[in-house]
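A.B. asks: Quick one: this structure, given as structure tokens, is what I'll be asking you about.
Each value in this text was obtained by applying a stated rule to the coordinates, not by laboratory testing. Note that the coordinates shown come from a computational prediction; the quantities given were computed from them, not determined experimentally. Cβ placement follows ideal geometry from the backbone for every residue including glycine, while neighbour counts extend to all protein chains displayed.
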Amino acid sequence: MPRPKWHHFSSMRSTSSWTYWLSRAAGCIPAALLVPLVLMPMAFLVTGSFQSAPPGQRGTWTLQNYDVLWTRDFHQLAMNSLTLGTAVTVISLAVGGPLAIALTRWDVPGARFFDSVAIIPAYIPAFVGAIAWSFLLAPRTGYLNAPLNALGWTPIDIYSWGGVIAVLSL
């Protein structure tokens, strides 16, 4: 059975058109920027990590910079990071999963409002959030902890494990 005539022309594009070549050139611009702005600095960092001297000075090839990977301190830092990441993931999934299901599957009053509010943290840079939480819950001077201190109650310590996990889980 012969193919329809339109099949042959739908996949062909004129390579003599200036718009075709302009679109090709525009596609090469990000690739041309990728090499000097991303790949070259990364290559300098990787090769510099195997040098015994600081950048710009003559040094020898060495693995001495990687000795820290086998220290007890590094292992403790790695375990702390894994513990923190696991705790934040579990809490975020336990809270966010049911909320997402409730908002998408059921007719919840105010669902449109919660949809709008849920996206706000994506627009706030992480350092702004960290500064805001430290203003609110710093152990001695936080705006929410100052009244607790005045009443003689134990302040909320945002710099403890529980505080860091709570803030990162939000």
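A.B. asks: In Å and on Cα atoms, what radius of gyration and Dmax does the stretch 25-96 show?
C.D. replies: So, for the stretch 25-96, Rg and Dmax equal 19.6, 54 Å respectively.
A.B. asks: Using only Cα atoms, find the angle between the long axis of helix 126-137 and the longest principal axis of the chain, and express it within 0 to 90 degrees, rounded to the nearest 10.
C.D. replies: Taking the Cα atoms of the chain, the angle to 126-137 is about 10 degrees.
A.B. asks: Give me the angle, in degrees from 0 to 90, between the Cα long axis of helix 18-34 and the longest principal axis of the Cα atoms of the chain, rounded to the nearest 10.
C.D. replies: That helix lies at roughly 40 degrees to the long axis.
A.B. asks: Calculated FRET efficiency, Ala146 and Arg72, Cβ-Cβ r, R0 41 Å, to nearest 0.05?
C.D. replies: Working: r = 39 Å, r/R0 = 0.95.
Efficiency for this residue pair is about 0.55.
A.B. asks: Same structure again: Could you tell me which residue out of Leu136, Gln51, Pro155 lies farthest along the dipole of the chain toward its positive end? Charges go on the beta carbon: Lys and Arg +1, Asp and Glu -1, centred on the Cα centre.
C.D. replies: Gln51
A.B. asks: Using Cα-only point scatterers and the Debye equation, what is log10 of I(q)/I(0) for the chain at each q in 0.09, 0.10 Å⁻¹, rounded to two decimals?
C.D. replies: -0.76, -0.87
A.B. asks: Right, something else. Packing-wise, with mean Cβ within 10 Å as the measure, how do 55-62, 138-145 rank, highest first?
C.D. replies: On the way: 55-62: 9.4, 138-145: 14.9.
Result, highest mean Cβ count within 10 Å first: 138-145, 55-62.
A.B. asks: Sticking with this one: Helix 40-49 against the longest principal axis of the chain: what's the angle in degrees, Cα atoms only, rounded to the nearest 10?
C.D. replies: Roughly 50 degrees between the two axes.
A.B. asks: Right, next: What nm distance separates the two modelled labels at Thr62 and Thr19, each placed 7 Å from Cα along Cα→Cβ?
C.D. replies: 6.1
A.B. asks: Over what distance in Å are the Cα centres of the stretch 84-143 and the stretch 58-77 separated?
C.D. replies: Going from one Cα centre to the other spans 37 Å.
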